[in-house]
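Written out below as structure tokens is the structure these notes cover.
The values are calculated or read from the model by the stated rules, or taken from the named source; none is laboratory data. Model, not experiment: these values are computed from the prediction. Glycine also receives a Cβ, built like all others from the backbone with ideal geometry; neighbour counts cover every protein chain displayed. The accessibility values were calculated without ligands, DNA or RNA, using every heavy atom of the protein model including side chains. Shrake-Rupley method; radii C 1.70, N 1.55, O 1.52, S 1.80 Å.
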Amino acid sequence: METCKLTKFLGASLEGILPFPVSVEINIKRGIPRFLITGLPSPSIKESSDRIRIAIENSGFEYSLQNILVHLAPAGRKKEGTYLDLPIAAGILYLTEQLPSSQKLERFLFLGELGLDGSVKPLKGILPILSELQNVGFTAAVVPFENRKEASILEKFPIYSISHLKDLVSLAKGEIKPEPKGEIKIRSEILPWKSESYKSQLPAIRAVQIASAGFHHCLLSGPPGAGKTMLAKLAHGFLPRIQEKEGIELLGIRSLQENLSNTEVERPFRSPHHTTSDISLVGGSSSLRMGEVSLAGNGILFLDELSEFHSRNLQALREPMEEGKITISRIRGSITYPASFLFIGATNPCPCGYYQTLIRECNCSVASIRNYQSPFNGPFLDRIEIFYHIGFSGSTDGEKVSINLKSIRDSIQSAADMQRRRLFRETGKLYNGRLRGEEVERMIPLSRECEQYFWGAVNKQKFSIRKVAHFRKVARTIADLEGSEDVLLRNLEEALVFLNSGWSPENRAVT
């Protein structure tokens, strides 16, 4: 039986979290029976030869006892994982004429791992691959049946799902229909409509409200029992609704960690202990794994007892806090992970916890206070956009007031909607806190009166260049919370109150 000797199917592989297309070239000819895979395959791909052979036989097909050569291009790039089982098997069946003649299969992207019984098993990382790969020559994607929900979220191309190798026959005949458009299910933090709080906590709640609305990094300081941890958890409930862009990013991170059984997402709240290592925090090790900063993407990274963290760990946060991504380089390679988190830190002001409070006298020396605050001095502190020091604990000021949490959440959502309409088309960003460089002045203009006040305050406070941008961004978020199209003078004044303008025992901005 005369058959084609060469065919080419399309697959993909992951390098860290970055996908790249793989051209699976298959050649069959008469000769000593063998199955050879070239093109820098990983051990899991090399082992696939026996797995694919048994899967073909157990699916009711005949396995060709000929000389089979599979080449994975580009040849100089290492291929990892078991994503290429399905395109290799499909190519062998196509060349041996066990699939109906159909040129469209050669224009499909195939992703799937084969079991020995011919079943197509689910894979991790399907969503990141499909969301990043486009315009690489395929017209549709074929994925395992159990990955259909995450794959069908995207509308870039049709998605076909199969559960067994035998389904390739139906696919070639056009008997399998594309999956309907999937939806991201958003699970929001449920907050009570109203709550009671002490008067001393109201400015801190306002600081958290501003931080949540614009994704501005925030540091809370205060004595034990002042409610710092409670405020951080409150911020998680305040965060705006997840947009589709964020939902796909969140699902993509989950997809790399587990086989997704559903497409429900929520904003993460990660709170690593102060004994955590820098590798756990930002990622690394020999396997180049992602850390807490990536797992907290589009959510909150909360560091409680900030002064207890090792200085090296906090300094490692500087790049992801500024850029929203982290690049990890080791001997085996370099990988850039997303890290667009909202940082919230909580700390006592001194070892005893009562420095600059009205609760009790602090007996700590200036030297011990400086040493206690040393892990987050200097460049790390310059990344903080909002700071508030709580001078009371609840029981000392006595009086409680009722807070309408629903009203606060609604104002944050309205502010987020304003930011999206203003920023997304021109910058691709959703929040004021994400703006960088020239984007800040271009997207946040000020009136002549506000410019005069702005630069007067900058010169008086001796702000760094980074802090100048923080000042403008925080003021813009406050204006968004008020529903104002322009930044007003009072917005700048309030922003100046919350800016961390040189926090130290001798010179600290205390409201």
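Remarks
- In the context of the full protein assembly, Arg318 retains an accessible surface of approximately 80 Å², using a probe radius of 1.4 Å and ignoring ligands and nucleic acids.
- Dipole check for the chain: with +1 at the C-beta of Lys and Arg, -1 at the C-beta of Asp and Glu, and the Cα centre as origin, the magnitude is about 520 Debye.
- With every protein chain in place and a 1.4 angstrom probe, the accessible-area ranking of Thr427, Thr336, largest first, reads Thr336, Thr427.
- Overall shape: prolate for the range 40-80, with the ratio a/c of the largest to smallest alpha carbon gyration tensor axis at 1.5 or above and a/b above b/c.
- Over the Cα atoms of the range 445-490, the radius of gyration divided by the Kirkwood radius equals 0.97; this is the Rg/Rh ratio.
- To put it simply, the accessible area of the range 324-455 at a 1.4 Å probe is 49 percent carbon and sulfur.
- Each of the peptides 149-158, 363-372 was scored by the mean count of other Cβ atoms within 10 Å over its residues; in descending order, highest first, they stand as 149-158, 363-372.
- Of all accessible heavy-atom area on the range 1-127, the percent that carbon and sulfur account for (1.4 Å): 53 percent
- Take each peptide in 137-143, 37-43, count the other Cβ atoms within 10 Å of every residue, and average; sorted highest first, the result is 137-143, 37-43.
- Overall form of the range 197-349 per C-alpha gyration tensor (a/c, 1.5; a/b vs b/c): oblate
- Phi-derived couplings, Karplus 6.51 cos²θ - 1.76 cosθ + 1.60 at θ = phi - 60°, listed residue by residue for the range 327-341: 9, 10, 10, 9, 4, 7, x, 9, 9, 9, 9, x, 8, 8, 9 Hz, with x used for Gly and Pro.
- The C-alpha atoms of the chain define a longest principal axis, and helix 85-95 lies at about 30 degrees to it.
- Degrees, to the nearest 10: 489-498 long Cα axis against longest axis of the chain: 80 degrees
- Dipole of the chain [Lys/Arg +1, Asp/Glu -1 at C-beta], most positive-end residue of Val169, Ser464, Ala141: Ser464
- Of Val293, Val136, the order by accessible heavy-atom surface (1.4 Å probe, DNA, RNA and ligands excluded), from most exposed downward, is Val136, Val293.
- Entries of Lys124/Lys233; Lys121/Lys173; Lys233/Lys325 with Cα pairs more than 28 Å apart: Lys124/Lys233
- Tensor-based shape of the chain (alpha-carbon gyration tensor, a/c under 1.5 rounded, otherwise prolate or oblate): prolate
- The range 80-152 - charge dipole about Cα centre, Lys and Arg +1 at Cβ, Asp and Glu -1, debye rounded to 20: 220 debye
- The amide H of Ile403, built 1.01 Å from its N in the peptide plane, has Ser195, Glu196, Ser197 as neighbours under 5 Å, considering only residues 5 or more places off or on other chains.
- Rolling a 1.4 angstrom probe over the protein heavy atoms with all chains in place gives the chain an accessible area of 44 Å² per residue.
- Helix-only [θ]222 nm of the chain, DSSP H runs n ≥ 4, -39500 (n - 2.57) each, per residue, nearest 500: -10500 deg cm²/dmol
- The range 281-334 - charge dipole about Cα centre, Lys and Arg +1 at Cβ, Asp and Glu -1, debye rounded to 20: 420 debye
- Rg/Rg_ref, the range 282-375, where Rg_ref = 2.2 N^0.38 Å and atoms are Cα: 1.35
- Neighbour-limited loop hits for GluC sites (Glu not before Pro), the range 19-98 (at most 13 other Cβ within 10 Å; DSSP other than H, G, I, E, B): Glu47, Glu62, Glu97
- Legend: residues Val440, Val401, sorted from most to least accessible area (1.4 Å probe; ligands, DNA and RNA excluded), read Val401, Val440.
- Averaging Cα coordinates gives a centre for the range 1-75 and one for the range 189-251; these two points are 52 Å apart.
- Phi-derived couplings, Karplus 6.51 cos²θ - 1.76 cosθ + 1.60 at θ = phi - 60°, listed residue by residue for the range 348-361: 7, x, 7, x, 7, x, 10, 5, 6, 10, 9, 9, 8, 6 Hz, with x used for Gly and Pro.
- Considering only the chain, percent of DSSP beta bridges that pair antiparallel, nearest 5: 50 percent
- Relative contact order, whole percent, for the chain stands at 13, derived from Cα pairs under 8 Å and 6 or more residues apart.
- Packing-based order for 383-391, 200-208, using average beta carbon neighbours within 10 Å, highest first: 383-391, 200-208
- Computed from Cα positions, the angle between helix 448-461 and the longest principal axis of the chain comes to roughly 80 degrees.
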